[in-house]
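Chemist: Sharing a structure here in structure tokens format.
What follows is calculated from the coordinates using simple rules that are stated; it is not laboratory data. All of these numbers come straight from a predicted model, not from anything done at the bench. Quick reminder, even Gly has a Cβ in these numbers, built from the backbone with ideal geometry, and neighbours come from all protein chains shown.
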Amino acid sequence: MTIVLAATVGISPQVVTETLYATHARGWPWPDRLVLLTTETGRNGIRSRLLEEGRLARLCEELGRTRPRLAEEDVRVVPSAAGELVA
């Protein structure tokens, strides 16, 4: 069974790391994969902070947990009513 953590993310991806920390602290099942729904600005923050700066990997290392999969296609940008990506 694959455990997926789906979350909405605003400008800061801090909600992801806080949710993972709370999941660990409460002893809940650890996710194998993250799926994040956000804006283009949020996607840029996820890329830079969680992935490029390594905050996701660092948190998982500190907690002794495996890093959940977070691929490009797992960060989904919300479309507007006109079908354009929300900035």
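Chemist: Return the pairs, sorted by first residue and then second, in which the second residue is surrounded by 10 or more Cβ atoms within 10 Å (Cβ to Cβ) and of a type in the set (D, E, K, R), the first residue lies in the stretch 69-83 and is within 22 Å of VAL4 (Cα to Cα), the beta carbons are less than 8 Å apart, and the residues are 6+ apart or on different chains.
Modeler: ARG69/ASP32; ARG69/ARG33; LEU70/ARG33; ASP74/ARG33; VAL75/ARG43; VAL75/ARG47; VAL77/GLU40; VAL77/ARG43
Chemist: Please state which of the following conditions GLY54 fails to meet, knowing it meets all the rest: (1) on the phi < 0 side of the Ramachandran plot; (2) out of contact with any His (no Cβ under 7 Å at 6 or more places or on another chain).
Modeler: With respect to (1) on the phi < 0 side of the Ramachandran plot; (2) out of contact with any His (no Cβ under 7 Å at 6 or more places or on another chain), GLY54 is out only on (1).
Chemist: Identify the residue in the stretch 1-49 that is of a type in the set (A, V, I, L, M), touching a strand residue (DSSP E or B) at 6+ places or on another chain (Cβ under 9 Å) and part of a helix (DSSP H, G or I) and, among all such residues, is surrounded by the fewest Cβ atoms within 10 Å (Cβ to Cβ).
Modeler: Going through the qualifying residues, I end up with VAL15.
Chemist: Follow-up question, since we're still on this one. Quick test of your reading of the structure: ARG65 fulfils all but one of (1) of a type in the set (Lys, Arg); (2) touching a residue at least 12 places away in the same chain (Cβ under 8 Å); (3) farther than 18 Å from VAL9 by Cα; (4) assigned to a helix (DSSP H, G or I). Name the failing condition by number.
Modeler: Single failed check for ARG65: (4).
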